[in-house]
1. For the chain, how big is the tail of P(r) above 25 Å, as a whole percent of Cα pairs?
2. Where in the stretch 69-85 is the amide nitrogen less than 19 Å from a point lying 7 Å along the Cα-to-Cβ axis of R156?
3. In the chain, carbon and sulfur make up what percent of the accessible area (probe 1.4 Å)?
4. Would you mind checking which residues have amide H under 5 Å from Y145's amide H? H placed 1.01 Å from N; only 5 or more apart, or other chain.
5. Given points 7 Å out from each Cα along the Cα-Cβ axis, report the L164 to R134 separation in nanometres with one decimal.
6. With every protein chain left in place, what is the accessible area of V101 in Å² (1.4 Å probe, nearest 10)?
7. Taking 37 °C and 0.692 mPa s as the conditions, I'd like the Stokes-Einstein D for the stretch 129-174 in µm²/s, using the Kirkwood hydrodynamic radius from alpha carbon pairs.
8. Kindly work out what percent of the DSSP beta bridges joining two residues of the chain are antiparallel, to the nearest 5.
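The values are calculated or read from the model by the stated rules, or taken from the named source; none is laboratory data. Quick caveat: nothing in here was measured; it's all calculated off a predicted structure. So basically every Cβ, Gly included, is an ideal-geometry build from the backbone, and we count neighbours across all protein chains shown. Accessible surface is based on the protein model in full, side chains and every heavy atom, while ligands, DNA and RNA are left aside. Shrake-Rupley method; radii C 1.70, N 1.55, O 1.52, S 1.80 Å.
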Amino acid sequence: MSARRHEGPEEGAGGFVQQYFRNEQRQRLPVLKHRLQLLYAIETHLTTIVVGEPGSGKSTQLPQFLHEAGWTADGKVVACTQPRRIAAAMLAQRVADEMGVELGTTVGFSVRFSDASDPQTTRIKYLTDGTLVRECYADPLLSAYSVIIVDEAQDRTIATDTLLALLKKIQRKR
């Protein structure tokens, strides 16, 4: 006979209490007030620049807004680049937790030496600027992606500048 341990509401994968507090935190983020305006701007413009205070929810919420609005339908992916590997991995984990999914399924990340994504199931993907540049070698038009968010573009690196130049060319071809 096996002993079965009772899991309280705060335990287990995406426990009720944890999910409640994540949703409460999400509701307080300033970017939530601008959800419809952001989605409209992205729908009607090829390039949209979003500026906001650190901690306003740009990096975590905007990809979720796009996913919820159908930008990941038909197997497409919303990419969100970060200049540093640790930021990409931590943001992916945070968003996976907020959505109540396991990291590497609906939400994943891909950085040098580490990939927690699945081409079949990942719909929100955090990656470094350099990783996305390398993906251009295999898919020059980055056709797997419906939206590419270049986050922290002010932290200029060679990879960020290269990515922005490539995206400008890709945008003309697509």
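1. Working: 5074 of 15051 pairs.
Counting pairs separated by more than 25 Å, the tail of P(r) holds 34 percent.
2. So the set is 82-84.
3. On the way: 6020 of 10780 Å².
Accessible surface attributable to carbon and sulfur in the chain totals 56 percent.
4. V77
5. Simple spin-label model gives 2.3 nm for this pair.
6. Looks like 40 Å² after rounding.
7. On the way: Rh = 10.8 Å.
D = 304 µm²/s.
8. Numbers: 3 of 18 bridges.
Of those bridges, close to 15 percent are antiparallel.
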